[in-house]
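The values are calculated or read from the model by the stated rules, or taken from the named source; none is laboratory data. Model, not experiment: these values are computed from the prediction. Every residue, glycine as well, gets a Cβ built from its backbone with ideal geometry; the counts of neighbours run over all protein chains shown. Remember, those area values only see protein heavy atoms, side chains included, never the ligands or the DNA or RNA. Shrake-Rupley method; radii C 1.70, N 1.55, O 1.52, S 1.80 Å.
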Amino acid sequence: MGHLKQVHIRRFKRLEDISLCLDGTNVLIGANNAGKSSVLQAIHFAVSVAQTSKLLGGVSWRQDSYELSFNPSQLLYSPVA
């Protein structure tokens, strides 16, 4: 199984636009409210979207966008506020 080498997060909670280079072990360090948990939730949410779309089908790529055709209530995981 392959490993993620980079994660790009846009417009998730208070994270506007960040890119993270990943290696074998990664540590998120920062002050309270710096976004550490939001980064983890964004990755978890992306995995949930991919797993849900794989289970339900209805996925298509259009240029650099991932288009889905399922209801958000069907997601295996959704982040809390």
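Looking only at the stretch 9-52, filter to residues that are basic (Lys, Arg) and over 12 Å from the mean Cα position of the chain (by Cα); which one of those is farthest from residue 67 (Cα to Cα)?
By that ranking, first place goes to 36.
Can you say whether residue 4 is out of contact with any strand residue (DSSP E or B) (no Cβ under 6 Å at 6 or more places or on another chain) and among the hydrophobic types (A, V, I, L, M, F, W, C), as far as the supplied structure shows?
Yes.
Suppose we keep only residues that are open to solvent by less than 70 Å² (accessible area, probe 1.4 Å) and on the phi < 0 side of the Ramachandran plot within the stretch 48-66. Which one would you say is modelled with the highest pLDDT? Give the steps one after another, and end with the answer.
Initially, the stretch 48-66 is screened for residues open to solvent by less than 70 Å² (accessible area, probe 1.4 Å), giving 48-50, 52-53, 57-60, 65.
If we keep only those that are on the phi < 0 side of the Ramachandran plot too, we end up with 48-50, 52-53, 59-60, 65.
Working: 48: 82, 49: 79, 50: 78, 52: 78, 53: 76, 59: 66, 60: 66, 65: 69.
Only one residue fits best here, namely 48.
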